[in-house]
Structures are given as structure tokens and as C-alpha cells.
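Where a number appears in this text, it was derived from the coordinates with a stated rule and is not lab data. Please read these numbers as outputs of a predicted model, since none were measured by experiment.
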Amino acid sequence: MKIAPSILSADFANLERDVKLVEQAGADYIHIDAMDGQFVANLTLGPNVVQAIRPHTKLPLDCHLMVNTPEKLIPAFARAGADIITIHAEATAHIHGAIQMIKNENISAGVVINPGTSVDVIKPVLGDVDMVLVMTVNPGFGGQGFIESTLGKIQELASLREKHGYHYEIEVDGGITHETIIKCIQAGADVFVAGSYIYDDENPAAAICRLKDACHNAV
Ligand code: DX5
Ligand code: ZN
């Protein structure tokens, strides 16, 4: 069980402080949401921000690209210090080739599906990826409500992994709280992204502890 705080909800004027704070509180990955204003209706962080954060944490940088034709940005994110790059199946006509591009950078490669996309779409690449990210909200903004109908896809991915001996981590992203995390862990998820639940709390370290406790109690 891994906790990946999303810095989308951090204080952008104090990113170094907010990254160090969650690292000291026991976070496992730093989740970085890149949005292009096209694939989603919001504009956020690019490779320059990844590069700026890189010297300030030892944690893996988990870069979630909500951009059209992510192939164009994969080399820049890799050079900036990304350890994991996840790309949306809906954002490219060439998901297999784009996954290979990430792997050729010698970093971890992941595929993401929106709430309205089925697992069937990504079945051909499940043997190639290190991570599958199941969006539990429609991407674009922090602070949205968890979509329950995504739980079946987490279960499906967990059983496909077992059946075929795949090695991917199952990550969930959106609306994660100390309550929804229990449903996700019971469905088979391994990595939990949380933005507003952590950074909107007056004590982000305590929020991370609550998420970890909820995980431990759920298994
Ligand atoms: C949503 C982003 C998420 C977002 C999650 O498009 O991919 O990573 O930061 O925020 P919360 O945890 O507030 O739902
Ligand atoms: Zn994300």
C-alpha cells in the first residue's frame, strides 16, 4: 500500500516545503498532475516544475500526463527527472508505441483510464506496463467526489494480474479519503493518490496517517 500525495492541491508558492512535508510524513510517491488545457479543461504543471522539485525529494516522481499526444512530452518529462510516467489511453491513437517510448527512457511506464473507459481498451498493453491508473473521478480538477462505478475495474485489473502473472501496480486517483480508500483497497488497489484530502487538511501529516491507518485496518 502506497500513498501518493498529489501536489495539485499543494501551495504552488511553497512547493519545496509541501513536498518535504509529505515525504517526512511517510508518503511513498509524489504525484504530479500535468494538464494541457486540451485533454482536460485545466492547465497545470510541466517538465520545468518536475525539474525544480527533483533535488528536494528522494521519493519517486509519479507524473500523470493529462495531455493529448503525450508522445510529444515524454522525453522532456524523463529528462526532468520523472521516475514514473502514466499516459491516458484516451489521449493517443498509439498507446502501445507511447508505452514503449516511456520504457525506452528506462523509467516506469503506466497507462490510465478515465471513468468512462473500460479495461478492455488497455488489455493489449497490460503485459507491458508497470502501473495501471484507474481514474476514480473525471480528470481535470482536485476536490471532486469519488465515482463508485470504477471499483469494478479495479477488481477486474487485480484478477487479470493474478491470472496472467502481470506485475503492474494498480493506482487510484480522485476523491480518495479515509473512507473511499477502504473500498479501493478491498477491490485490489495498491497505490492511492490523494490531493485535497491531504493538502487541504490543516495537518497534512495527520491526514497521511489516517489514510495509512485506514489501509492497515482494511486488510
Ligand atoms: C485529477 C488529478 C488528481 C487530483 C486528485 O484530475 O489527476 O491527481 O489531484 O485530487 P483529489 O484527491 O482532491 O480528488
Ligand atoms: Zn493525477
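Hey, what D do you get for the range 2-218 in µm²/s if you plug the Kirkwood alpha-carbon radius into Stokes-Einstein at 10 °C and 1.306 mPa s? Write out the running numbers ahead of the final one.
Working: Rh = 17.0 Å.
In µm²/s, the coefficient is 93.
Report the gain in length on full extension from Lys58 to Cys209: 0.36 nm times residue separation, minus Cα-Cα distance, nm rounded to one decimal. Mind showing how you got there, number by number?
Working: separation 151, 0.36 × 151 = 54.36 nm, distance 1.98 nm.
Taking 0.36 nm per residue and subtracting the Cα distance, the gain is 52.4 nm.
From the phi angles alone, apply the Karplus equation (6.51, -1.76, 1.60; θ = phi - 60°) to the range 170-182 and give each ³J(HN,Hα) in whole Hz, x where the residue is Gly or Pro.
Each residue of the range 170-182 in turn: 9, 10, 10, 8, x, x, 7, 9, 5, 8, 5, 4, 5 Hz.
Ignoring everything except DSSP H segments at least 4 long, calculate the 222 nm mean residue ellipticity for the chain; use -39,500 (n - 2.57) per segment, divide by total residues, nearest 500. Mind showing how you got there, number by number?
Numbers: 8 runs with 75 residues, N = 219.
Result for the chain, helices only: -10000 deg cm²/dmol.
At 4 °C and a viscosity of 1.567 mPa s, what translational diffusion coefficient does Stokes-Einstein give for the range 1-64, taking Rh as the Kirkwood radius over Cα pairs? Give it in µm²/s as a whole number.
Details: Rh = 12.0 Å.
It diffuses with D of about 108 µm²/s by this estimate.
The range 66-112: D in µm²/s via Stokes-Einstein (Kirkwood Rh, Cα pairs, 4 °C, 1.567 mPa s)?
Working: Rh = 10.2 Å.
Rounded to a whole number, D works out at 127 µm²/s.
When the Karplus curve 6.51 cos²θ - 1.76 cosθ + 1.60 is applied with θ = phi - 60°, which whole-Hz ³J(HN,Hα) does each residue of the range 12-26 get, with x for Gly and Pro?
Result, rounded to whole Hz: 5, 7, 9, 5, 4, 4, 6, 6, 5, 4, 6, 5, 5, 7, x.
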